[in-house]
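> Sharing a structure with you now.
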Amino acid sequence: MDEFIDVGRFLVIGAFIAAWRSGELRLEVLMGPRCTVAARLSLALVGGVLAGFAARLARGCTSGQGLVGGAELSVGAWLFLMCIFAGGWMVAWFVRKQWI
């Protein structure tokens, strides 16, 4: 496991140096044309807090439930993944005007 962490560290450092040397290193917030930086960061913060609360409430990581359980062909995990995608699709309706 330690070798993986060391490789990841070198990958991040190498990407940082490459972006810096090529003049592409900058801080940016990706957003739609009708969204402000403050609104985009606020939405990201609210989404992160909700995901963290849900993970705490479920006593586990939602990605682990979906990915590991899905790989094991667990019916509950596949149902969970379908609900995640359906929930994302429904929430996208409310924020769609921020991106178009």
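> Name every residue in the range 66-100 that is open to solvent by less than 80 Å² (accessible area, probe 1.4 Å) and not hydrophobic (A, V, I, L, M, F, W, C), in order of residue number.
The answer is GLY66, GLY69, GLY70, SER74, GLY76, GLY87, GLY88, GLN98.
> Which of (1) exposed (fewer than 10 other Cβ atoms within 10 Å of the Cβ); (2) at pLDDT below 85 does THR62 not meet, given it meets every other one?
With (1) exposed (fewer than 10 other Cβ atoms within 10 Å of the Cβ); (2) at pLDDT below 85 applied to THR62, the lone miss is (1).
> How many residues, within the range 82-100, are closer than 12 Å to LEU43 by Cβ and in contact (Cβ under 8 Å) with a residue 24 or more places away in the chain?
So the answer is 3.
> Please go through the range 5-39 and give me each residue that is of a type in the set (Gly, Ala, Ser) and surrounded by 10 or more Cβ atoms within 10 Å (Cβ to Cβ), ordered by number.
GLY8, GLY14, ALA15, ALA18, ALA19, GLY32, ALA39
> Quick one: what pairs do we get from the range 24-53, first residue part of a loop (DSSP other than H, G, I, E, B), second open to solvent by less than 90 Å² (accessible area, probe 1.4 Å) and of a type in the set (D, E, K, R), C-beta under 6 Å, 6+ apart or different chains?
VAL29/ARG40; MET31/ARG40
> Here is a further query. Taking the condition of being open to solvent by 70 Å² or more (accessible area, probe 1.4 Å) and more than 16 Å from CYS83 (Cβ to Cβ), how many residues in the range 40-59 meet it?
The number of residues fulfilling the criteria is 9.
> Please identify the pairs in which a residue from the range 70-81 that is aliphatic (A, V, I, L, M) has its Cβ atom under 9 Å from the Cβ atom of a residue that is at pLDDT 85 or above and loosely packed, with under 10 Cβ neighbours inside 10 Å, counting only partners at least 6 apart or on another chain.
Between residues of the range 70-81 that are aliphatic (A, V, I, L, M) and residues that are at pLDDT 85 or above and loosely packed, with under 10 Cβ neighbours inside 10 Å, the close pairs are ALA77/ALA71.
The values are calculated or read from the model by the stated rules, or taken from the named source; none is laboratory data. Since this is a predicted model, take the numbers as computed values, not measurements. Here Cβ is always computed from backbone atoms with ideal geometry, including for glycine, and neighbour counts include all displayed protein chains. With ligands, DNA and RNA removed, areas are computed over all heavy atoms of the protein, side chains included. Shrake-Rupley method; radii C 1.70, N 1.55, O 1.52, S 1.80 Å.
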